[in-house]
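Asker: Have a look at the structure that comes next, please.
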Amino acid sequence: MKLDDYKEIIRSRMSEERYIHSINVATEAVFLAKKYGADEKKAEIAGILHDITKETPKEEQLQIIAMDGIILDDVEKAAPKLWHSISGAAFIKNQLQITDEDIINAVRYHTTARQNMSLLEKVIFVADFTGAERNYPGVEIMRQKSYLGLEEAMAFGLSFSIKDLAERNKPICRCTIDAFNQIIIGK
Ligand SMILES: [Fe+2]
Ligand SMILES: [Fe+2]
């Protein structure tokens, strides 16, 4: 499949607003990939596809997840917002026949992050925060960080997510804490 095919597929599965977000994340991901030496082609594909199931009904997402043989743990079960990264990864693998593990993992961990992320995974995680239409408080700081280094941007993005989840009494995935600790400790 070509990039235009992927764009058509996501366009049919989401609102105009989220479609624009996806295109912006892809553009930003290519920019970061170029800057930090990741594969630009893969960055563009992963950016386009990262939210492919975000507007898919929850029940359908659970089916996609179950059909891939994935069993959600208690934290994942209690956090429907991160289901789309799990169902999205399963969807692009099983329905779009994407075989590149790095692209699949970039989609899988774009919400939670994890320990030992690849360059591409980091690029997509950061690009999701800094795409052109983003305008949350702190986005300019996040953009500045992303120009200084992926790790700096990751640390800022993760602390933002962890604080936000804790403040709203939402469960936090262990992999998010692991990713944060690894970056802060620098090992
Ligand atoms: Fe997402
Ligand atoms: Fe996104």
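The values are calculated or read from the model by the stated rules, or taken from the named source; none is laboratory data. Quick caveat, the model's predicted, so the values are computed rather than measured. Here Cβ is always computed from backbone atoms with ideal geometry, including for glycine, and neighbour counts include all displayed protein chains.
Asker: Surrounded by fewer than 21 Cβ atoms within 10 Å (Cβ to Cβ), within 15 Å of ligand 1 (Cβ to nearest atom) and without any contact (Cβ under 8 Å) to a residue 60 or more places away in the chain - does that describe any residue in the range 39-53?
Answerer: The answer is no; no qualifying residue exists.
Asker: Follow-up. Take the conditions loosely packed, with under 13 Cβ neighbours inside 10 Å, in a loop (DSSP other than H, G, I, E, B) and among the acidic types (Asp, Glu) and apply them to residue 133. Does it pass? Before the answer, list the steps.
Answerer: Working: loosely packed, with under 13 Cβ neighbours inside 10 Å: yes; in a loop (DSSP other than H, G, I, E, B): yes; among the acidic types (Asp, Glu): yes.
Here the answer is yes, as residue 133 does meet what is asked.
Asker: Also, quick follow-up: Can you tell me which residue is nearest to ligand 2 (Cβ to nearest atom) among those in the range 135-174 that are charged (D, E, K, R) and within 23 Å of residue 105 (Cβ to Cβ)?
Answerer: Applying the first criterion (charged (D, E, K, R)) to the range 135-174 yields 140, 143, 145, 151-152, 163-164, 167-168, 170, 174.
With the extra rule that they be within 23 Å of residue 105 (Cβ to Cβ), the set shrinks to 145, 151-152, 174.
Numbers: 145: 18, 151: 21, 152: 20, 174: 22 Å.
The residue in question is 145.
Asker: With the structure loaded, tell me whether residue 172 is hydrophobic (A, V, I, L, M, F, W, C) and not in a helix (DSSP H, G or I) or whether it fails that test.
Answerer: On the way: hydrophobic (A, V, I, L, M, F, W, C): yes; not in a helix (DSSP H, G or I): yes.
Against the criterion (hydrophobic (A, V, I, L, M, F, W, C) and not in a helix (DSSP H, G or I)), residue 172 qualifies.
Asker: Among (1) at pLDDT 95 or above; (2) away from ligand 2 (no atom under 16 Å from the Cβ); (3) among the hydrophobic types (A, V, I, L, M, F, W, C), where does residue 45 come up short?
Answerer: Single failed check for residue 45: (2).
Asker: Restricting attention to the range 109-162, report how many residues are out of contact with any Lys or Arg (no Cβ under 7 Å at 6 or more places or on another chain), more than 25 Å from residue 77 (Cβ to Cβ) and either within 15 Å of ligand 1 (Cβ to nearest atom) or not hydroxyl-bearing (Ser, Thr, Tyr) (or both).
Answerer: 25
Asker: Looking only at the range 80-108, count how many residues are surrounded by fewer than 23 Cβ atoms within 10 Å (Cβ to Cβ) and β-branched (Val, Ile, Thr).
Answerer: 3
Asker: Let me ask another. Residues being without any contact (Cβ under 8 Å) to a residue 40 or more places away in the chain and more than 19 Å from residue 120 (Cβ to Cβ): count how many of those fall in the range 18-38.
Answerer: The total comes to 2.
Asker: Go through (1) aliphatic (A, V, I, L, M); (2) part of a helix (DSSP H, G or I); (3) away from ligand 2 (no atom under 13 Å from the Cβ) for residue 127 and report which single condition fails.
Answerer: Status for residue 127: all satisfied but (3).
Asker: Something else about it: Exactly one condition in (1) within 14 Å of ligand 2 (Cβ to nearest atom); (2) surrounded by fewer than 20 Cβ atoms within 10 Å (Cβ to Cβ) is not met by residue 111; state its number.
Answerer: Status for residue 111: all satisfied but (2).
Asker: Going residue by residue through the range 59-67, is there one that turns out to be farther than 20 Å from residue 96 by Cβ, surrounded by fewer than 17 Cβ atoms within 10 Å (Cβ to Cβ), modelled with pLDDT of 95 or more and not small (Gly, Ala, Ser)?
Answerer: Within the range 59-67 (the criterion being farther than 20 Å from residue 96 by Cβ, surrounded by fewer than 17 Cβ atoms within 10 Å (Cβ to Cβ), modelled with pLDDT of 95 or more and not small (Gly, Ala, Ser)), the answer is yes, since at least one residue qualifies.
Asker: Separate question: Filter the range 58-86 down to the residues that are assigned to a helix (DSSP H, G or I), more than 21 Å from residue 125 (Cα to Cα) and of a type in the set (Gly, Ala, Ser) and list them by number.
Answerer: Selection gives 66 alone.
Asker: Examine the range 129-150 for a residue that is β-branched (Val, Ile, Thr) and in contact (Cβ under 8 Å) with a residue 60 or more places away in the chain, and state whether such a residue exists.
Answerer: Within the range 129-150, the first condition is being β-branched (Val, Ile, Thr), and the residues that meet it are 130, 139, 141.
Right, trim to in contact (Cβ under 8 Å) with a residue 60 or more places away in the chain and you get 130.
Yes: one or more hits.
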